[in-house]
1. Select from region 128-137 the residues that are surrounded by fewer than 20 Cβ atoms within 10 Å (Cβ to Cβ) and outside any loop (DSSP other than H, G, I, E, B) and write down the one among them that is nearest to the chain's Cα centre (by Cα).
2. Is it the case, given these coordinates, that residue 92 is exposed (fewer than 14 other Cβ atoms within 10 Å of the Cβ), modelled with pLDDT under 95 and over 25 Å from residue 224 (Cβ atoms)?
3. Looking at region 223-266, which of its residues are within 22 Å of residue 353 (Cα to Cα), over 21 Å from the mean Cα position of the chain (by Cα) and assigned to a helix (DSSP H, G or I)?
4. With the requirement that a residue be over 22 Å from the mean Cα position of the chain (by Cα) and surrounded by 19 or more Cβ atoms within 10 Å (Cβ to Cβ), what does region 98-127 give you?
5. If you take the residues in region 185-197 that are on the phi < 0 side of the Ramachandran plot and in a loop (DSSP other than H, G, I, E, B), which one is surrounded by the most Cβ atoms within 10 Å (Cβ to Cβ)?
6. With respect to residue 386, determine if the residue is over 20 Å from residue 226 (Cα atoms) and surrounded by 15 or more Cβ atoms within 10 Å (Cβ to Cβ).
7. Residue 168 passes all but one of (1) farther than 29 Å from residue 364 by Cβ; (2) part of a strand (DSSP E or B); which number fails?
């Protein structure tokens, strides 16, 4: 497929002491990208209303220590294009300051989350809703890692909430070399899974009211209900530090490529293997984790679900959408778009990820090989650290006209990607 570069003038934050710089990323021929907003800081997920209003969740880099734990803080930003030129000209910040990543529009409400609570506020004629946010589901454990409560909604009144794991691999001594894993892993009681709640009931508690829908998920930032087939899908972040924690079993080169980032379809009761296993996309096999006796050669024995696709390790999947097919070629209808953010765990070797990929889908299954849709965000042929990337793709949403909105969290840029007739 022929690809064309997109050239943009990028304003770099004034405090960095830099001026205008030219950047580019590539798209398939026939698509074009424009800058909806040039930079809002550490923005994460994005949602677009049927009237074209745009909402993003912002997560501050600052972390505040509470009771020995860390919690990220952020807020919400609303944007409106009043003159129809494809550029936001009204920008307003609002909402609770504990908002971080989860964000969605469902049934006339804006849903958003902190690391322990999911809220919603009714949308009205205003850009910033006039109502007061209501807590819908809470009681999740406050933890130092993987606290984002990402959200998805089905067509039957249910809300699905990610509860990521507080550790890398449930070791007896967290992140200690050659420390074995806890078996059974007690963290799976409240974390490492996706919980189901009623979408419209206030003051639900994870333990009292939530239903564990699936288990064994390390951290799911890319979570979406696929309306084309009425099933839940996600792309999971794989575990880190294979060679750092187990230098006698894994090399640095193995750690850089393993384990896979896993693209899954989920059904109630599924087990995806964390912390006991990881998926090796090079072998096409689920492997026993080193904390539980694995050595990179022993395959896992158990009723664990294999992914639809195993993407290369440490690409860091941060969002997922299924396109409606509006105003794009037919081959994109129902297909999956996945934003990869890039990860520190490939250091000090060259980075990878920093792109948006497309997976053609048919009847809920991949229909052909995945392909790169948008690329070049790293800004150089080779970078060695996430800090060196120009942009890091983070959030995806589809607008009412079929345009794809894409966020990144280095400068906080928002692009609008559309098909040229």
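1. Of everything passing the filter in region 128-137, 135 is nearest to the chain's Cα centre (by Cα).
2. In short, no.
3. Selection gives 242, 243, 244, 252, 253, 254, 255.
4. Scanning region 98-127 gives 121, 123, 127.
5. 191
6. Considered against the rule, which asks whether it is over 20 Å from residue 226 (Cα atoms) and surrounded by 15 or more Cβ atoms within 10 Å (Cβ to Cβ), residue 386 comes out as yes.
7. (2)
To keep it simple, each residue is scored yes or no on (1) crowded, with 19+ Cβ neighbours inside 10 Å; (2) free of Cβ contacts under 8 Å to residues at least 60 places away in the same chain.
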| position | (1), (2) |
| --- | --- |
| 148 | yes, no |
| 151 | yes, no |
| 154 | no, no |
| 160 | yes, no |
| 166 | yes, yes |
| 175 | no, no |
| 179 | no, no |
| 183 | no, no |
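The values are calculated or read from the model by the stated rules, or taken from the named source; none is laboratory data. Note that the structure is predicted; figures quoted are calculated from it, not measured. Cβ: placed from backbone, ideal geometry, glycine included. Neighbour counts: every protein chain shown.
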